[in-house]
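The values are calculated or read from the model by the stated rules, or taken from the named source; none is laboratory data. Please read these numbers as outputs of a predicted model, since none were measured by experiment. Cβ coordinates were reconstructed from backbone atoms using ideal geometry, including for glycine residues, and neighbour counts include every protein chain displayed. Quick note on the areas: whole protein, heavy atoms, side chains included, nothing else; ligands and nucleic acids left out. Shrake-Rupley method; radii C 1.70, N 1.55, O 1.52, S 1.80 Å.
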Amino acid sequence: MHIRSSTTTPRLKRTLLVVLSAFAGVILFAGTGASGGQPRSTAVSAQDDNGPKPTIVLIHGAFADASGWSGVITRLQDRGYTVLAPANPLRGVANDSAYIASVLASISGPIVLVGHSYGGEVITNAATGNPNVKALVYIAAFAPDAGETSGGLVAKFPGSMLTPQNLVFRPFPGGLDGYINPIVFRDVFAADLPAKTTAVMAASQRPGALSTLSDLSGVPAWKTIPSWYMVANQDHAIPPALERFMAARMHAKTVQIDSSHVAMMSHPGDVTDLILSAAGAD
């Protein structure tokens, strides 16, 4: 659009600037606005009767990226939901939670916040104090209480294959990254996906800073926000017994599925159904 100032009235220019600014905001943030109000710990879903559909925000964990949500995203979009799957920095609980909290602050209206694996620890911290987050959904994810660590939780239950001998370590400025050894990636992370798919995932995995295993979690959002949980019964990364323990502790509405750690990839329909339940669309 080209506007010649010599032929445009001041009033028209102001109107066009407002429209263009709003359009830019939609592109950048898919719904920017100030949040307000108070948390509703008694809410049973994210969508009030005749209210707006919530924005669904999907947070990935370590050894993965946002593309793992692709099958879930298309299903949610087909149902008319606005979906955002930001990149989780994987640089530490405090840093990652602050970053995701800043993303949430850019969204107006109700939010359903979903976390997979380590992403569960991030949403547990990032949602605290945000009144727009109406529901939390954990997909084979960590849900620590205040003062707990993901490393400490895993140590309480046997069965995780995320052991030092199955990891590759590489230093980065200021810390040490952990990758799953490509040789065992499929067995550890995604045993129910095709080998060709997991070979690509292993090559493109995003590492997590090892410091996250000992980072203390803060005040958990699940104590005030209704929660849903999917237990992956064939999970070799987070022990299923630990997943059931965390789900029961936070009184989450829980489903169990025979899936590897990446349930959102191997069973995207079931994961979508759980998210829709949290959104009040079931």
Convex hull projection area averaged over all views, region 52-134, Cα basis, nm²: 4.9 nm²
Accessible surface of Leu176 - all protein chains present, 1.4 Å probe, nearest 10 Å²: 70 Å²
In order through region 120-126: 3J(HN,Hα) via Karplus (6.51 cos²θ - 1.76 cosθ + 1.60), integer Hz, x for Gly, Pro: x, 5, 5, 5, 4, 8, 5
Over region 86-199: Rg over Rh, Cα atoms, Kirkwood Rh: 1.00
Centre separation in Å (Cα based) which lies between region 186-220 and region 118-136: 20 Å
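On a 21 Å Cα-Cα criterion, which of the cross-link pairs Lys156/Lys253; Lys53/Lys134; Lys223/Lys253 come out too long? Before the final figure, lay out each step's value.
Details: Lys156/Lys253 23 Å; Lys53/Lys134 11 Å; Lys223/Lys253 14 Å.
Too far apart for the 21 Å limit: Lys156/Lys253.
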Two-site label geometry, Ala199 and Arg249: point separation in nm, points 7 Å out along Cα→Cβ: 4.0 nm
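Does region 229-282 come out rounded, prolate or oblate by the C-alpha gyration tensor, with a ≥ b ≥ c the root eigenvalues, rounded set by a/c under 1.5 and, if not, prolate when a/b is larger than b/c and oblate if not? Before the final figure, lay out the partial values.
Working: a/c = 2.96, a/b = 1.19, b/c = 2.48.
Taking the square roots of the gyration eigenvalues as a ≥ b ≥ c, region 229-282 is oblate.
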